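Data block below; observations after.
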Amino acid sequence: QELLAAQPQEIEPGLILIRREHPTEIGPVDLLCEDPNGGTVAVEIKRHADIDGVEQLARYLACLAADPRLRPLRGVLAAQRFRPQARTLAEQRGIRCVVIDYDRLRNLDPADLRLF
């Protein structure tokens, strides 16, 4: 989350971070950003995205939509890997899926030895 908060343009060009851990009635959205058109983008970050991650972001979006100051509002699910079912459900819910290369963001060389 810290990596993407510092570099929201990795999620989408032109994104500007508004706030990390933006509260909703059901829990915090990882990142709340503004896009170049003035729209609000709620970003949920996962290592491996599955259906639960899509559902979680959809619930956050429903809560955030009650605030007219955040409109227009859309969601992005950012993850290193996506289950095919998660991509399908996200598309049905109007949520964009973005693959993030966390190793590149950490400036890790793929040849470096890592435990995980």
Rounded to the nearest 5, the percent of antiparallel DSSP beta bridges in the chain equals 40
Name the residue, out of 71, 83, 106, whose mean-square fluctuation peaks in a Gaussian network model built on the chain with Cα pairs under 10 Å.
-> 106
Under the Karplus relation with 6.51, -1.76 and 1.60 and θ = phi - 60°, whole-Hz ³J(HN,Hα) for the range 23-35, x at Gly and Pro, equal x, 10, 5, 10, x, x, 7, 3, 9, 10, 10, 10, 8
In debye, nearest 20, what is the charge dipole magnitude of the chain about its Cα centre with +1 on Lys and Arg Cβ and -1 on Asp and Glu Cβ, if you could check?
-> 200
Which residue fluctuates the most in the chain, going by a Gaussian network model with Cα springs under 10 Å, if the choices are 103, 30, 50?
-> 103
Consider a paramagnetic label point 7 Å from the Cα of residue 93 along Cα→Cβ; state which residues of the range 27-44 have an amide N under 20 Å from it.
-> 27-34, 40-44
Simple SL model, points at 7 angstrom along Cα→Cβ for residue 3 and residue 62; separation in nm is 3.2
How big, on average over all directions, is the shadow cast by the Cα convex hull of the range 23-64, in nm²?
-> 3.2
Once both axes come from the Cα atoms, what is the angle between helix 51-64 and the longest principal axis of the chain, in degrees from 0 to 90, rounded to 10?
-> 40
Along the charge dipole of the chain, Cβ charges K/R +1 and D/E -1, which of 32, 8, 94 sits furthest on the positive end?
-> 94
Rounded to the nearest whole number, the Stokes-Einstein translational diffusion coefficient of the chain at 4 °C and 1.567 mPa s (Kirkwood radius, C-alpha pairs) in µm²/s is 89
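Computed from the coordinates by the stated procedures, all read-outs in this text should not be read as laboratory data. These numbers come from a predicted model, not from an experiment. All Cβ positions, even for glycine, are placed from backbone atoms using ideal geometry, and neighbour counts span all protein chains on display.
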